[in-house]
Amino acid sequence: MKILLVIPAYNEQDNIVELINNIKKIGIENLDILVVNDCSSDKTQLMCSELRVDIINLPCNLGIGGAVQTGYKFAHNNDYDIAIQVDGDGQHRPEYIEKLLQPIIERNVDLVIGSRYIKKEGFQSTFLRRVGINYFSKLLFTLTGQLITDPTSGFRACNKRVIEIFSKRYPVDYPEPESIMYLKRNMYVIEEIPVVMKSRGSGTSSITPFKSMYYMLKVSMAIMIDKLRRETV
């Protein structure tokens with residue numbers, strides 16, 4: 001199976017080298033690495049070029065949704081069977097990648113999410129973000145009947161069917177909860193696996209307290225509107 005690992009990165013010069021080197025150490029067969037450089041102003045592009053991985057340098061900053069969708073478009077256009085999403089800030093530990101792949105390969109699961117809230121070990125995020133995560137978990141459970149403990153986790157893997165969907169439509173802001181709602185509405189199979197995450201290696205998150213409140217309102221509306229839609233892929 002052809003597997004693509006997508007790393008959306010914005011100003012991650014202090015984290016990207018260690019992350020990519022740790023991914024390479026796992027030695028997964030047929031795994032290609034793609035960095036989507038979201039118009040970084042630091043040396044992210046230069047460092048990725050030196051590491052000999054595929055890199056797409058976006059001409060303007062698209063944000064997390066646009067950067068991730070770029071990776072899915074690349075995966076779809078190059079006929080990959082599985083796509084894995086790993087944040088460029090070093091929070092996602094590469095040793096869990098093989099566990100993300102197993103449900104897709106062994107049980108035909110469509111989307112697998114790495115959740116830090118199944119065993120509740122390691123870095124549990126900031127208080128404000130935990131409030132938002134708990135809120136979206138309850139909202140999605142109410143609307144879909146499935147408990148997703150970590151709906152904002154960007155540590156995910158999906159099969160070819162979902163790659164095609166995400167290459168054509170993917171939310172822009174805080175995309176993970178909304179994309180879960182869309183897949184569940186269209187009867188795709190989603191599972192979570194327990195993972196341990198780390199705190200951000202270096203730098204600061206682009207999501208401020210004000211943005212968190214804005215995203216919660218915006219994404220809540222998008223999820224509820226999506227629930228009312230009837231069309232399928």
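When the Cα centres of segment 44-83 and segment 116-165 are compared, how far apart do they sit, in Å? What the calculation gives is 23 Å, centre to centre. Quick check on the chain: take the gyration tensor over C-alpha atoms, sort the square-rooted eigenvalues as a ≥ b ≥ c, and tell me if it's rounded (a/c under 1.5), prolate or oblate. Verdict is rounded for the chain.
Legend: calculated FRET efficiency, PHE127 to GLU95, from the Cβ-Cβ distance at R0 = 30 Å, rounded to 0.05, equals 0.65. Considering helices alone, the calculated mean residue ellipticity of the chain at 222 nm is -14000 deg cm²/dmol, with DSSP H runs of length four and up weighted by -39500 (n - 2.57) and normalised per residue. Close amide H pairs (under 5 Å, H built 1.01 Å from N) link LYS2 with ASP81, ILE82, residues at least 5 positions away or on another chain. Taking Lys and Arg as +1 and Asp and Glu as -1, the other residues whose beta-carbon sits under 15 Å from that of LYS120 total +2. Between GLU106 and ASN22, the contour length at 0.36 nm per residue exceeds the alpha carbon distance by 27.7 nm. For segment 83-233, a simple Cβ point-charge model (Lys and Arg +1, Asp and Glu -1, everything else neutral) yields a dipole of about 320 debye relative to the Cα centre. Excluding ligands, DNA and RNA, the accessible surface per residue across segment 1-86 is 47 Å² with a 1.4 Å probe. Which longest run of the chain has no exposed loop site in it, a site being GluC sites (Glu not before Pro) in a DSSP loop with at most 10 other beta carbons within 10 Å, and the site itself not part of the run? After excluding every exposed loop site, the longest remaining stretch is 30-230.
Charge tally for ILE223 (other residues, Cβ to Cβ under 15 Å; Lys, Arg +1; Asp, Glu -1): +3.
Simple spin-label estimate for ILE118 and TYR135 gives 2.6 nm between the two label positions (7 Å along the Cα-to-Cβ direction from each Cα). In the complete set of protein chains, residue-level accessible area for LEU228 is approximately 140 Å², probe 1.4 angstrom.
Sequence-ordered 3J(HN,Hα) estimates for segment 181-196 from the Karplus curve with 6.51, -1.76 and 1.60 and θ = phi - 60° stand at 4, 4, 5, 5, 4, 9, 6, 7, 8, 10, 10, 10, 10, x, 9, 10 Hz, glycine and proline given as x. One decimal place: the segment LEU228-LEU147 gains 27.2 nm when fully extended, by the rule 0.36 nm per residue minus the C-alpha distance. In segment 1-155, taking the dipole from charged Cβ atoms about the Cα centre, the farthest positive-side position among PHE74, LEU51, PHE141 is held by PHE141. Distant-in-sequence amide contacts of GLN85, defined by a placed amide H-H separation under 5 Å and a gap of 5 or more residues or a different chain, comprise VAL6, ARG156, ALA157.
Could you tell me whether segment 15-86 comes out rounded, prolate or oblate from its Cα gyration tensor? Rule is a ≥ b ≥ c as square roots of the eigenvalues, rounded for a/c under 1.5, then prolate if a/b exceeds b/c, otherwise oblate. Judged from the Cα gyration tensor, segment 15-86 comes out oblate (a/c at least 1.5, b/c at or above a/b).
The values are calculated or read from the model by the stated rules, or taken from the named source; none is laboratory data. Being a predicted model, the structure only gives us computed values, none of them experimental. A quick note on method: Cβ atoms are made from the backbone with ideal geometry, for glycine too, and the neighbour counts reach across all protein chains shown. The area values use the complete protein model at the heavy-atom level, side chains included, leaving out ligands, DNA and RNA. Shrake-Rupley method; radii C 1.70, N 1.55, O 1.52, S 1.80 Å.
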